[in-house]
Amino acid sequence: MNGITHLEMYQFVSLMLLGLGLFGLVRRRSLVGMLISVELMLNGAGLSIVASGQLTPASAAMGQLATLFVMGLAAAEVALILAIIIVVSRRFGHIESNNLRTMRG
Amino acid sequence: MEHLAYVAFGIYTLIILTGGLMAVLCRSMVRALVGLILTLFGVAGCYLLMAAPFIALMQILIYVGAVSILILFAIMLTRAPAGAEEAPYIFPWRSLAALAVAFLPLAVIGGMIRSGQVAPLVPPEEVPLAELGQTLIEPYLLAFELISVILTVAMAGAVILGFERRIGK
């Protein structure tokens with residue numbers, strides 16, 4: 001394994017998830033597609049935290065629980081975004097982010 | 001045994017890559033969601049490989065069990081046109097811009113990972129559940145309480161947003 005450590009391997013996988021998520025976030029035009037991309041990025045973050053906790057002398061338990069918090073935040077965020085998407089689709093009839101231009105109270 | 005771990009890691013990485021590409025490239029939202037679920041399973045496999053079975057279980061329980069179902073509801077409830085497909089891309093500008101946006105942080109962080117001073121590595125060890133619980137209520141007590149507040153607020157907010165139309169009338 002020419003000089004690449006286990007930690008680096010996992011970090012590169014999570015970096016790949018971050019890149020895919022950013023790519024999808026900019027490329028997607030519907031809100032659901034953007035939501036899926038955000039989930040990819042959050043997964044990358046969780047993988048990175050657990051890898052850092054498990055493979056270095058840092059506290060493994062704290063690393064694992066930090067990832068658990070990331071998952072909880074992701075669940076809360078998805079519940080809110082689901083409600084927002086439903087409101088947007090009721091009001092505009094579509095969820096294409098390009099055409100959501102009016103802001104009314 | 002060592003080689004078996006590398007093989008498993010390669011398979012999981014392949015699953016994650018395939019699922020991630022499906023999630024960002026498929027025009028059908030349902031297929032993109034299937035790609036996301038594939039990625040979630042791949043990441044759960046990585047957690048297992050790092051001797052963190054509890055987190056792997058939570059990943060499947062929370063992400064595959066709850067988050068992806070919520071996204072499926074979002075797809076269903078928006079009454080998108082058949083198959084929930086995005087309109088085809090006429091100009092590739094958007095994809096090019098997306099590539100540029102994704103490449104910059106990849107290059108910067110990737111370079112940092114390769115050049116940075118890495119802490120001495122230890123072989124991963126499984127943390128007993130009791131210790132996880134102890135950590136949750138000792139150093140992480142505030143975060144633990146805050147996340148329950150956040151979950152409650154998010155749930156209440158989602159319900160209020162959902163009822164918004166009826167209140168307005």
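Scanning the range A:83-92 turns up no residue that is within 20 Å of B:I60 (Cβ to Cβ), free of Cβ contacts under 8 Å to residues at least 24 places away in the same chain, among the small types (G, A, S) and in a helix (DSSP H, G or I).
For the range A:29-45, the candidate set comprises residues that are facing chain B (nearest Cβ under 7 Å) and under 15 Å from the mean Cα position of the chain (by Cα); within that set, the residue that is surrounded by the most Cβ atoms within 10 Å (Cβ to Cβ) is A:N43. When A:E77, A:E39 are screened for being of a type in the set (D, E, K, R), over 19 Å from B:Y47 (Cα atoms) and modelled with pLDDT of 90 or more, only A:E77 passes. All conditions in (1) farther than 20 Å from A:A66 by Cβ; (2) within 22 Å of the chain's Cα centre (by Cα); (3) of a type in the set (A, V, I, L, M, F, W, C); (4) at pLDDT below 85 hold for B:I75, with the sole exception of (4). Restricting to the range B:114-130, what's the tally of residues that are assigned to a helix (DSSP H, G or I) and surrounded by 12 or more Cβ atoms within 10 Å (Cβ to Cβ)? Count: 1. Quick check on the range A:54-61. Is at least one of its residues touching a residue at least 12 places away in the same chain (Cβ under 8 Å) and either under 26 Å from B:F144 (Cβ atoms) or more than 8 Å from chain B (Cβ to nearest Cβ) (or both)? Within the range A:54-61, one or more residues are touching a residue at least 12 places away in the same chain (Cβ under 8 Å) and either under 26 Å from B:F144 (Cβ atoms) or more than 8 Å from chain B (Cβ to nearest Cβ) (or both).
Table: residues versus (1) in contact with a strand residue (DSSP E or B) (Cβ under 8 Å, 6 or more places away or on another chain); (2) over 25 Å from B:V108 (Cβ atoms); (3) more than 8 Å from chain B (Cβ to nearest Cβ); (4) of a type in the set (A, V, I, L, M, F, W, C).
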residue: A:H6; (1), (2), (3), (4): no, no, no, no
residue: A:Y10; (1), (2), (3), (4): no, no, no, no
residue: A:L15; (1), (2), (3), (4): no, no, no, yes
residue: A:Q64; (1), (2), (3), (4): no, yes, no, no
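Scanning the range B:131-144 for residues that are surrounded by 11 or more Cβ atoms within 10 Å (Cβ to Cβ) and either among the hydrophobic types (A, V, I, L, M, F, W, C) or more than 7 Å from chain A (Cβ to nearest Cβ) (or both) turns up B:L132, B:G133, B:Q134, B:L136, B:L141, B:A143, B:F144.
Facing chain A (nearest Cβ under 7 Å), crowded, with 24+ Cβ neighbours inside 10 Å and closer than 22 Å to B:L96 by Cα: is that true of B:V24 in this structure? The answer is yes for B:V24.
The values are calculated or read from the model by the stated rules, or taken from the named source; none is laboratory data. Note that the structure is a prediction, hence the values are computed from the model and not measured. Glycine also receives a Cβ, built like all others from the backbone with ideal geometry; neighbour counts cover every protein chain displayed.
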